[in-house]
Each structure stands twice: as C-alpha cells, then as structure tokens.
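Here the structure comes first, spelled out in structure tokens, and everything after it is commentary.
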Amino acid sequence: MSAPSERTRLALAVLGTAVALGIAGDILLRATPWGLNALLCTVGLVAAAAWTARRRGTAVSGDAPWLAATALLLGSNFAARDSTFLRAFDAIGLAIVFSLAALSLQGVGLRGRQAWEYVRAALAAAVSACVGIFLLVGREVAWTELPRRGGGRLPQARAAAVGALLALPLLLVFGGLFASADAVFRNLAVNLLDIDLAAATSHTFFTAFLTALAAGYLWGALLRPAPPPAASEASRFTLGIVPVGTALGLLDLLFLFFVVIQLRYLFGGAELVQGATGLTYAEYARRGFFELVTASALVLPILLAAEWALRREPHAAQRAFRYLAGLLLVLLAVVMASALRRMQLYVDEFGLSEIRLYSSAFMVYLAGVFVWFGWTALRGRPRRFAFGALVQGFAVLAGLHLLNPDAFIVRTNLERPAAHRPFDAAYAASLSADAVPTLLAALPRLDETEQCRAARRLLSRWGPARGRDHDDWRNWNLARERARAAVREHAASLRALLCTEANR
C-alpha cells in the first residue's frame, strides 16, 4: 500500500497536536484563578499554529508576527494583573486575535478589510472550533490510506488496542475468580483499582473538550479553504439615499433635541437642574449615564450599515450621506461629552468604582473610533476603518494595563474631598491584588474605623492565615504574590489595628 497523502499526514499532525494541547490544557487550566497557566496555554496554541503552518508550507500574511506578539502580550497579562475586569477584556482580546489569526494563517491580509469581514472571520473561527473536529476526522483524514498491516507504529498500536479489548473480559473473569479465592489478592486488586471515577470522568471530558476546540480551530485556520476576497462587491444590493437619508435626518433631529436640553440643564448649573427636576446636580448626573453609553455605541453599527447600503449609489447620494452622518457625529460628540460630564459629577459625589472607570474608558474608545470613522469612511476610505478601530481597541486595553485600574481607583478616592462620602476602605480592600500596595501605603491617612475595616479585609484575603491555598506554579500571578508579600510584611501592624477595634 502506498504511503498516506500529504493532506492526511497534515491532518493527523493537527489531530496529534490538538490532543497534546488538550492534555496540557487539562493539566494547566484547572488551577484557578488563571495566571501563568493562561500564558503557557497561549504560548502552546501560538507555537502549535506556527509549527503546523510551517509544516504545511503556508504563505501566511504579514500580519501573523504582530498577531502572535499581541496574543502573547495578552496572555502575559494574566500573570501580571489581578483585576477581574482586565482579565475578562484580555480573554475577549485573545478571542479576537485568534479569530483574525485564522485569516492571517490562510494568507489573507487584515488591512483594507471591511468591518463585516472581521465579524465573519470571528464567526467562522467560532464555528470551526465547535464543529471542525468532526470535519478534520471525517473528511481530512483518508483512513483508507493508512496501513493496516506491517511493521509501522500505527498498525502496531492498532493491533495492541485490539488485543487489549479482547483481553478485557478475560481479565475481568479470571480476576474475579482469583479475588474470590484469595483475600490478599483481592485487597491488592481493590487498592490498585481504587480510582476516583468522578475525577477521571472530569479529566477525560475536559481533555476531550479542549482537544476538540484546538483541533477545530487549527482545521479552520490551516485546512479550511480561505474565504473569497471582497465577496460583498459581487452583491448589487443598495437601499437608496431616500430611505437612508430620511432615517438619518430624523435621527439627527432627535439628537439635536436632546443636545439642546443637555446644553441648557447639564451645563447650566446646579440651581437650574434642581429647579427644573427637583434633583440635586449629582443625582441628575447619576441618572442616564449608561443609557447614553448604550446610545453612543449603537450609532456606530447604524452608520456602518448605512455606508454599506449606499456603497453603490451615485456620488451625490454618498455626499448627502456624509453630510447627514457628519452632523450626527457632531451631535453625538455633545452627547458623549454630556455622558462624561455626568460621570465626572457622579465620581465627585460618590467616588470612583470599577464599572464607572471601565465605562468611561469605553466612552474614550468610542470617541476615538468615531473620529476615525469620520476621517476614513466619511472621506471615501471605508476600508481603512476596521483595522484602525481594532488597533485603537488594543491601544485602550494596553493603556488600562499601564494605568493599573484598581490602584488608580484607590488613589482617586483618596484624593477626593470627603465632604459628602468618606473613603470606603471596605470597598478598596475588596478590589483585586493590584490595589493592595496602594491601600497599605494609604492606611496612615485613614481614620481608625476605616483602618480597621481595611485591615480586617486585607488579612482575611491576603494574610498569612490564608496560607498558600491559592498559590500554585500553574496559576502564579505577580500582583497576587506582591499583595501577599506586602500583607505579610505589615501583618503585625494590621493585627494591631484589629486589636484597636476590639478594645473600643
């Protein structure tokens, strides 16, 4: 029999690599919260994709190196920061990077792609990860090409597996007879077969699940045919300027009406707001921020859809769209300024929190995206928009990591006047390990009650009494290690604060 084809050998290599990744993932990712293990799994997937692409001889696009570097940086953040929000955003970022890497591994460049092509790539990567294992095993591997006899490793392994299956009922029968005949043999057999079935089942399922995901992703990235370039250009669908212009014009009027109210009340001073609404300035600012964030975010897909629907229209129709869209962006800038102003007043009154910080960061990202949309899509260069928006998203995420949000929240709340609400030490101590060094340094500035609250929470979460129950080489994290070291160093003074509270 002739040797297996190159495609079959490549599919078997992908399957073997996926099995190795599945076993490694089961060993590493069971230790939570994730830290070093997330980085190691990211390194493994990047290395597997690079090795398989090289084995296949794929001419990857020029975006592959920076996508790999971005994935490794995102993975390393799990070992550096402890913020729950940042880790969630890093996980989303990894999903985006690997979905786009699937295009790059097929030789497709990312620059000059429409936003919907990025969305299609993400959906295709998700579908491939879920069902690709079945196509890999059922279609890519030509099982009839594999040797059935001979001295190769595969036939020998198949023969050994068949022999083990034949021996299983015999072992059970004779083993049962021997166990009944001799108590010592029975005890030894029971001890040898003392297996935690629940744990074994869990490991088997998790390994199989990770193997299927890895195999499906690698199949979609390296063996599935690349998507046809610019498939949307073949479509002649167009909606026309009349319905699109009418919709945008009415939307402009609504935004204009809201902007007039905002200019009068939110920027008009506390007395005007209280007289018109009966609310304090802070209460007025508190209401509606997240609604404004949602409204701002919804404008982007509307404008992208309108631009796509008019791509076949004459130049005059597209010029009318740009005027209407430009007016909407100007009005939206006032709405976003209103939202950020509300958040500023809200923070001045109630302090900074995680959700308020990340919502503000999202608004900053949206502002940059809308400026970029005006600079590209509204100037007749829509294909430059998606890549720039993607880069801006990763830039904002990198800025958040450099800012160290939880420590920044503690510093901000310490610096604000305590005229209305004092510093909430219990909330500060409930933040991630990133905030612990900053909070410890600020303890002498707090009153005795807040010192006691912070000390109790810090000792309960990071003190020596916790032992090392959350420490494992697999989920090692720099921020958590520093937090435990700092609390151990100040343990005596923290306990003294607890004693002070007990004596009052």
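All of the numbers you see were taken from the coordinates with simple rules; none came from a lab. This structure is a prediction, so every number in the text was calculated from the model and none was measured. Note: ideal-geometry Cβ built from the backbone for every residue, glycine included; neighbour counts use all protein chains shown.
So the values come out like this:
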{"read-out": "Gain in span if fully extended, Ile27 to Tyr323, counting 0.36 nm per residue against the direct Cα distance", "value": "100.8 nm"}
{"read-out": "Inter-label distance, nm, simple model (7 Å from Cα along the C-beta direction), Asn191/Arg311", "value": "7.2 nm"}
{"read-out": "Peptide ranges 252-260, 450-458 listed from the most packed, as the mean C-beta count within 10 angstrom indicates", "value": "450-458, 252-260"}
{"read-out": "Difference of contour (0.36 nm per residue) and Cα-Cα distance, Val173 to Arg9", "value": "55.0 nm"}
{"read-out": "Virtual spin-label span in nm between Arg384 and Ala183, 7 Å along Cα→Cβ", "value": "8.8 nm"}
{"read-out": "Exposure proxy order (Cβ contacts within 10 Å, fewest to most) of Glu313, Glu489", "value": "Glu489, Glu313"}
{"read-out": "Which of Tyr358, Tyr346 has the fewest Cβ neighbours within 10 Å, and the rest in rising order", "value": "Tyr358, Tyr346"}
{"read-out": "Sorted peptide list for 429-440, 175-186, 106-117, criterion being average Cβ within 10 angstrom, highest first", "value": "429-440, 106-117, 175-186"}
{"read-out": "Inter-site label distance for Ala126 and Leu253 at 7 Å from Cα along Cβ, in nm", "value": "3.7 nm"}
{"read-out": "Net charge dipole size for the stretch 327-393 [Lys, Arg +1 and Asp, Glu -1 on Cβ; Debye, nearest 20]", "value": "460 debye"}
